[in-house]
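No lab work stands behind these numbers, since they all come straight from the coordinates. What you are looking at is a predicted structure, and each value in this text was computed from that prediction instead of being measured. Cβ atoms come from the backbone with ideal geometry, glycine included; neighbour counts cover every protein chain shown.
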Amino acid sequence: MNRARFVAPARGTVDPAVFGRMPLSAWREYADLLDGAAWPSIDALNRRVPAGMAQRFVAQTPALLADGLHYEQRIAERGGIATREGNWHDLLNALVWLRHPAIKRALNARQMAEVARMGPKLRSRAQYAMTHFDEAGVIVAVRDPALLALWDAHDWHGMFWRRRQAWLDGSIRLAVFGHALLEHALSPDKLLVAKALVFRCDDAAESLPARCAEAIAAGRLLHDPQELRPLPLSGIPDWHPGNAGEAFHRSAACYQPRRAGRAYPPVV
């Protein structure tokens, strides 16, 4: 994704078409929170908390921040997820909590362990990895090792055009986790690039989020940002209106070559 600071469109100006296209179309069970002129209240978010999720959303106000707690510490010790009202980034973060609380809890526990080790002012490579995944992450399951070879080589034409059918027949599938990705998707012209955790998976019924949450909690993943593979989501069929033709896959700005010496870890 673009490193320049992104400013999301005002709520009333979002093109409704973005909610009918991936990745936002996959979040339509929260349409009542995403659509309309009025922002949902903190109470409205808390009414959607699933069974078994102990954490609750709390309005991020000066009074709340006066407690002096680190964001992650407030979640761990008080179960309070500081949330700015009238803010796309925090609303989409809340939706990810609602859908994937186990992954969010696993990340929070790992972040707290790193804060205890590093102190509140320094950040470890693991913390950067977890933050990158939290903001821009996708969870990917791959059945065909040949797709991994194309991916590792940054052969985007091969991965998204020559093997286009793989994205339609389940040979590779994904779940979006990063709330910043969802925020960027509010702008229809954005070319989305995710940071992926990749799993080898032969069972289409297996829950990718559950497997991901367990691996993060166990400390098998996210020790360094270099673990995360870039994945240009705009190349996936139907994720960008321009990718139906081969020319897109020859020249799209989101398709970056692999840097010299860049290598990726084995698939989990």
remark   = Ranked on Cβ counts within 10 Å of their own Cβ, fewest leading, CYS201, CYS212 go CYS201, CYS212
query = Counting alpha carbon pairs within less than 8 Å and at least 6 residues apart, what relative contact order, in whole percent, applies to segment 17-100?
reply = 27
ask   = What is the set of long-range amide H partners of ALA196 at a cut-off below 5 Å, with H atoms built 1.01 Å from backbone N?
value = VAL138, ARG229, LEU231
Relative contact order of the chain, defined on C-alpha pairs under 8 angstrom at six or more residues apart (%) = 22
task = May I ask you to evaluate 6.51 cos²θ - 1.76 cosθ + 1.60, the Karplus curve with θ = phi - 60°, for each residue of segment 159-165 and list the ³J(HN,Hα) values in order in whole Hz, giving x for glycine and proline?
result = 6, 9, 10, 5, 9, 4, 5
ask   = Based on the alpha-carbon gyration tensor of segment 36-108 and its eigenvalue square roots a ≥ b ≥ c, which shape applies: rounded if a/c is under 1.5, prolate if not and a/b is larger than b/c, or oblate?
value = oblate
message = Taking the alpha-carbon distance from LYS121 and a cut-off under 18 Å, which aspartates and glutamates remain once sequence neighbours fewer than 8 residues away in the same chain are dropped?
response = ASP67, GLU72
message = Quick check: the angle from helix 125-136's long axis to the longest principal axis of the chain, C-alpha only, nearest 10 degrees?
response = 80
query = Using helices alone, what [θ] at 222 nm do you get for the chain, with -39,500 (n - 2.57) per DSSP H run of 4 or more residues, divided over all residues and rounded to the nearest 500?
reply = -10000 deg cm²/dmol
request  = Of the listed values (1) 20.1, 76; (2) 18.7, 55; (3) 19.9, 64, grab the one calculated as Rg and Dmax of the Cα atoms in Å from the structure here.
outcome  = (2)
task = Please report the relative contact order for segment 1-158, taking Cα pairs under 8 Å with a sequence separation of at least 6, and give it as a percent rounded to a whole number.
result = 15
remark   = Once phi for every residue in segment 243-249 is put through the Karplus expression 6.51 cos²θ - 1.76 cosθ + 1.60 (θ = phi - 60°), the whole-Hz ³J(HN,Hα) values, with Gly and Pro written as x, are 8, 6, x, 4, 4, 4, 7
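Tell me, which longest segment in the chain has none of the trypsin sites (Lys or Arg not before Pro) that fall in DSSP loops with at most 12 further Cβ atoms within 10 Å?
Longest stretch, sites excluded: 122-219.
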message = Please list, in order along segment 198-203, the HN-Hα scalar couplings obtained from phi with the Karplus expression 6.51 cos²θ - 1.76 cosθ + 1.60 (θ = phi - 60°), rounded to whole Hz, x for Gly and Pro.
response = 10, 10, 7, 8, 9, 9
key: 19 Å cut-off, amide nitrogen to a point 7 angstrom out along SER124 Cα→Cβ, residues in segment 192-215   = 213-215
ask   = Taking only Cα atoms, what is the 0 to 90° angle, nearest 10, from helix 101-118's long axis to the longest principal axis of the chain?
value = 70
task = Would you mind computing the Rg to Rh ratio of segment 131-251 from its alpha-carbon coordinates, Kirkwood style for Rh?
result = 0.95
